[in-house]
Amino acid sequence: MKSLFHLAYNVRNLADARSFYGEILGCEEGRSSDSWVDYNFFGHEISLHLGTPFDVQSTGRVGGHMVPMPHLGVILEYEDWIGVAEKLKAAKVEFVLEPMVRFEGEPGEQWTMFFFDPSGNPIEIKGFKSMDRVFAS
């Protein structure tokens with residue numbers, strides 16, 4: 001079965017969201033209105049609606065780090081992950097968790113980074129050298 005995910009969440013300002021998701025992350029804008037905008041988020045659909053973002057707390061313990069919960073994430077091929085990390089650094093995006101490798105040498109070895117969008121929504125982007133290893137244990 002092949003599928004795409006769809007996630008809708010709140011942002012405080014659509015212009016800031018367009019700048020971040022469209023210009024910094026390079027996501028293609030889709031449909032929109034005066035109160036929401038859709039994006040192709042690395043092959044999946046996100047809908048950003050004007051409103052109060054969800055409450056976030058750093059309660060997730062992963063690999064010795066406390067990470068913001070809940071959070072949106074995407075998994076990329078390692079080379080694509082490197083490209084996104086470089087774009088974010090060039091845009092001077094502040095990281096919650098700097099781009100790094102975790103679980104090195106283990107079956108779930110992955111590269112990860114955490115950051116917030118302008119509305120405070122946490123995003124994790126993971127990179128794998130082989131997508132066959134995403135669910136490895």
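The values are calculated or read from the model by the stated rules, or taken from the named source; none is laboratory data. If you're wondering where the values come from, they're calculated on a predicted model, not measured in any experiment. Reconstructed Cβ throughout: ideal geometry from the backbone, glycine too, with neighbour counts over all protein chains shown.
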- [ ] Test each condition in (1) in contact with a strand residue (DSSP E or B) (Cβ under 6 Å, 6 or more places away or on another chain); (2) loosely packed, with under 13 Cβ neighbours inside 10 Å for residue 90 and report the one that comes out false.
- [x] (1)
Task: Scope the range 93-106; condition among the charged types (D, E, K, R) and surrounded by 14 or more Cβ atoms within 10 Å (Cβ to Cβ); matching residues - done: 102
Task: Members of the range 11-26 that are touching a residue at least 40 places away in the same chain (Cβ under 8 Å) and either surrounded by 16 or more Cβ atoms within 10 Å (Cβ to Cβ) or of a type in the set (Lys, Arg) (or both) - done: 11, 12, 17, 20, 21, 24, 25
TODO: Pick out the one residue from 3, 58, 19 that is out of contact with any strand residue (DSSP E or B) (no Cβ under 8 Å at 6 or more places or on another chain) and either farther than 14 Å from residue 118 by Cβ or in a strand (DSSP E or B) (or both).
DONE: 3
Task: Selection from the range 114-137 of residues that are out of contact with any Leu (no Cβ under 6 Å at 6 or more places or on another chain), at pLDDT 95 or above and either among the acidic types (Asp, Glu) or in a strand (DSSP E or B) (or both) - done: 115, 116, 117, 122, 124, 125, 126, 128
TODO: Filter the range 93-137 down to residues that are among the aromatic types (Phe, Trp, Tyr) and within 17 Å of the chain's Cα centre (by Cα) and give me whichever is nearest to residue 19 (Cα to Cα).
DONE: 116
TODO: Any chance you could count how many residues in the range 1-10 are surrounded by 13 or more Cβ atoms within 10 Å (Cβ to Cβ) and out of contact with any Gly (no Cβ under 7 Å at 6 or more places or on another chain)?
DONE: 1
Open item on the list: Given the options 45, 98, name the one that is more than 23 Å from residue 15 (Cα to Cα) and charged (D, E, K, R).
Closed with: 98
Open item on the list: I need the full set of residues from the range 27-53 which are assigned to a loop (DSSP other than H, G, I, E, B) and surrounded by 12 or more Cβ atoms within 10 Å (Cβ to Cβ), in order please.
Closed with: 27, 42, 51, 53
TODO: Give the residues of the range 78-107 that are in a helix (DSSP H, G or I) and acidic (Asp, Glu), sorted by residue number.
DONE: 79, 80, 86
Open item on the list: I'd like the residue in the range 81-120 that is in contact (Cβ under 8 Å) with a residue 60 or more places away in the chain and of a type in the set (Gly, Ala, Ser) and, out of all such residues, is nearest to residue 47 (Cα to Cα).
Closed with: 119
